[in-house]
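Please treat every number below as a calculation from the coordinates, not as lab data. Not measured: the values here are computed from a predicted model. Reconstructed Cβ throughout: ideal geometry from the backbone, glycine too, with neighbour counts over all protein chains shown.
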Amino acid sequence: MGLCGSAARGDFVDGWSGVDFVAWNLPATSPAATKLDKTVATVSRRYGQRASLHLADAHRRDAHGLGDLYDMKMRAVLRRVGVDTAVIAGVSPTPGVTAEATDLASDIAALRECALVRLASSRDLASGREDTARQVLSALSSAAQLLVTHRDPHASLRLPEVAEACLTGQAAS
């Protein structure tokens with residue numbers, strides 16, 4: 001099981017929270033998964049902090065089969081194990097941070113689709129437009145982070161470093 005914060009990978013994916021617990025190779029219907037889910041929900045309510053549990057299957061995808069965007073987020077989190085996703089129980093799902101299994105084109109396409117859906121969904125609501133803009137910017141930021149970490153899996157995901165790496169990469173291209 002690992003622990004991460006959504007802000008590093010975008011808070012635009014429904015169901016992911018400020019604090020996320022990620023368990024791998026744990027069947028979604030297992031008693032352990034049920035108990036973990038209840039524990040996380042109880043702690044979340046008790047302390048008023050949005051927290052959630054997510055399960056990764058043996059192929060590093062979302063175990064609930066929620067779609068490409070969720071699979072992309074899960075891969076992004078698991079690629080960062082040991083960098084900014086801390087292992088809090090068990091053994092790491094990967095032998096370290098690697099760029100293998102990164103389908104950059106598919107991940108960018110999933111983020112693009114998410115941004116387009118968000119832009120089209122709430123254009124007429126003033127408050128929705130503000131939230132939509134934030135979510136679209138978050139999706140674009142995640143795309144930039146994917147590009148940067150594709151080149152350097154240990155790269156910082158803080159916005160200034162990502163922006164500089166993107167600009168430096170563009171100048172070098």
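Here are the numbers:
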read-out: Ranked His54, His154, criterion: other C-beta atoms within 10 Å, fewest first; value: His154, His54
read-out: Exposure proxy order (Cβ contacts within 10 Å, fewest to most) of Thr132, Thr168; value: Thr168, Thr132
